[in-house]
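Have a look at the structure below before the remarks.
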Amino acid sequence: MRQVTGRRNIDWLTVFLYIIMVIVGWLNIYAAVYQPDAPTSIFSLSLNSGKQLMWIGGASLIAFVIMMVDFKLFSTLAYPIFIVTLLALLGVLVIGHSAGGNTSWFKIGFIRIQPSEFAKYALALALAKYIDDPTVRLDKWRYLIMAFVIILIPFSLVMLQKDTGSAMVFAAFFFMLYREGMPAWIMVLGLWMVFLFVTALVSTTLVAGGILGGMVIIAVIYIVYNKRPKSMIFIVVGIGTLSFLFTEGIDYILYDIMRPHQRKRIEVLVNPNIDPLGVGYQVTQSKIAIGSGGVAGKGFLEGTQTKFNFVPEQSTDFIFCTIGEEHGWIGSLVTIGLFAALIIRLIMLAERQKSRFARVYGYCVSCVFFIHFMINMGMTIGIFPVIGIPLPFFSYGGSSLWAFTMMLFTFIKLDSHRTQMLARN
């Protein structure tokens, strides 16, 4: 079949959203590093804004190349790209550059490349390739376990780099697995474990035990009243017992598995006043900056919290507090709206795909963006622990911008050829 690459087949709405987000992000990076007593051009390479413009140029070239190559290449090279990325993750453990306690970068002069950012792209391709096989059914254990293994390999390598934040993003792919047939009870189990973890953090053993005991009693009463099989009572009691033992093991996770700074970040999340000048300082100052913006903000380049460098890493992981301070509630709402529009649009595009490969890949991309968006904004306002992941297209950084661009434009390319891709299920 002759390939037809017409501009009319490209989803220009997604491209437009990308361009707007990159430009707005670039302007806010400049606002985050701008100093009124020594004003410097936004294009200066001495500032992160100037360097980001260079990364934007590279991202534009990446997007152009992706749109020019044969769309079949992504499926063909999915596994090779995944293997090369795994080798890069291994390599960074041996010859990587360390910063902030993490060994996650290759450093060449002033350029730093973070393989873990590209691992999300490679994993999305690999999972799409695996699930595209018509024999693969995720409601069958042997296929589901293989999908888990594919996710676990890069996750483990990133954890060895001590980059917990990037590793946590890999949980996004489980949402895609659920869409493609993974049993719902696995998702419920995961959410239940999160609930137990939070319960153990914010309450005592006695309170946690009381909550679980009360839930078990209610479930047993329901079973008896509705004359359900008595075996369900033993199942409920067993689940309650295991849940209580899990909550009892939270202390072991906190004090024997997590590193001290990770534990402190979680403790600050529960009690923001526990270390206001230490671990809690960054989040406290971020919330002050966002709150001080009011409804309409202080104006572009007028943020006082920003200008006096009260918020560390403000042009990277905490770029959202610059938006909140200088553009207020309105600017924050617009930013959230842009992400919501992009994610919803990606889901819509994924659902209209005629091939399973493209649909799975599209859901991987939308889920990764959602996790980054949710956690990054959540940590700037103090409802998630600080784990150090960027806000897509807004945060300063070449690796993240290039990786997100690759993810997005690969899907745009696949979508533009959806009528040429055979539906396999």
Given (1) within 17 Å of residue 403 (Cβ to Cβ); (2) without any contact (Cβ under 8 Å) to a residue 40 or more places away in the chain; (3) under 22 Å from the mean Cα position of the chain (by Cα), index of the condition residue 61 fails: (3)
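Let's see how each residue does on (1) of a type outside the set (A, V, I, L, M); (2) over 12 Å from residue 250 (Cα atoms); (3) assigned to a helix (DSSP H, G or I); (4) in contact with a Cys (Cβ under 8 Å, 6 or more places away or on another chain):
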residue: 197; (1), (2), (3), (4): yes, no, yes, no
residue: 206; (1), (2), (3), (4): no, yes, yes, no
residue: 211; (1), (2), (3), (4): no, yes, yes, no
residue: 215; (1), (2), (3), (4): no, yes, yes, no
residue: 218; (1), (2), (3), (4): no, yes, yes, no
residue: 235; (1), (2), (3), (4): no, yes, yes, no
residue: 238; (1), (2), (3), (4): yes, yes, yes, no
The one condition in (1) touching a residue at least 40 places away in the same chain (Cβ under 8 Å); (2) in contact with a helix residue (DSSP H, G or I) (Cβ under 6 Å, 6 or more places away or on another chain); (3) within 30 Å of residue 151 (Cα to Cα); (4) open to solvent by less than 10 Å² (accessible area, probe 1.4 Å) that residue 372 fails to fulfil: (2)
Filter result for residue 351 (surrounded by fewer than 23 Cβ atoms within 10 Å (Cβ to Cβ), within 23 Å of the chain's Cα centre (by Cα) and on the phi > 0 side of the Ramachandran plot): no
Among the candidates 419, 335, 380, residue that is over 13 Å from the mean Cα position of the chain (by Cα), open to solvent by less than 40 Å² (accessible area, probe 1.4 Å) and at pLDDT below 90: 380
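Matching residues to (1) touching a residue at least 60 places away in the same chain (Cβ under 8 Å); (2) among the aliphatic types (A, V, I, L, M):
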{"residue": "43", "(1), (2)": "no, no"}
{"residue": "47", "(1), (2)": "no, yes"}
{"residue": "53", "(1), (2)": "no, yes"}
{"residue": "129", "(1), (2)": "yes, no"}
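Here is a yes/no grid of residues against (1) β-branched (Val, Ile, Thr); (2) in contact with a strand residue (DSSP E or B) (Cβ under 6 Å, 6 or more places away or on another chain); (3) closer than 30 Å to residue 180 by Cα:
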| site | (1), (2), (3) |
| --- | --- |
| 55 | no, no, no |
| 73 | no, no, yes |
| 78 | no, no, yes |
| 94 | yes, no, no |
| 112 | no, yes, no |
| 144 | no, no, yes |
Unmet criterion (only one of (1) open to solvent by 60 Å² or more (accessible area, probe 1.4 Å); (2) over 17 Å from residue 30 (Cβ atoms); (3) among the polar types (S, T, N, Q)) for residue 309: (2)
Qualifying residue in segment 211-219 (condition: free of Cβ contacts under 8 Å to residues at least 40 places away in the same chain, of a type in the set (A, V, I, L, M, F, W, C), within 30 Å of residue 122 (Cβ to Cβ) and open to solvent by 50 Å² or more (accessible area, probe 1.4 Å)): no
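The values are calculated or read from the model by the stated rules, or taken from the named source; none is laboratory data. These numbers were taken from a predicted model, which means no experiment stands behind them. Methodologically, a virtual Cβ is constructed for each residue, glycine included, from the backbone with ideal geometry; neighbour enumeration extends over all protein chains shown. With ligands, DNA and RNA removed, areas are computed over all heavy atoms of the protein, side chains included. Shrake-Rupley method; radii C 1.70, N 1.55, O 1.52, S 1.80 Å.
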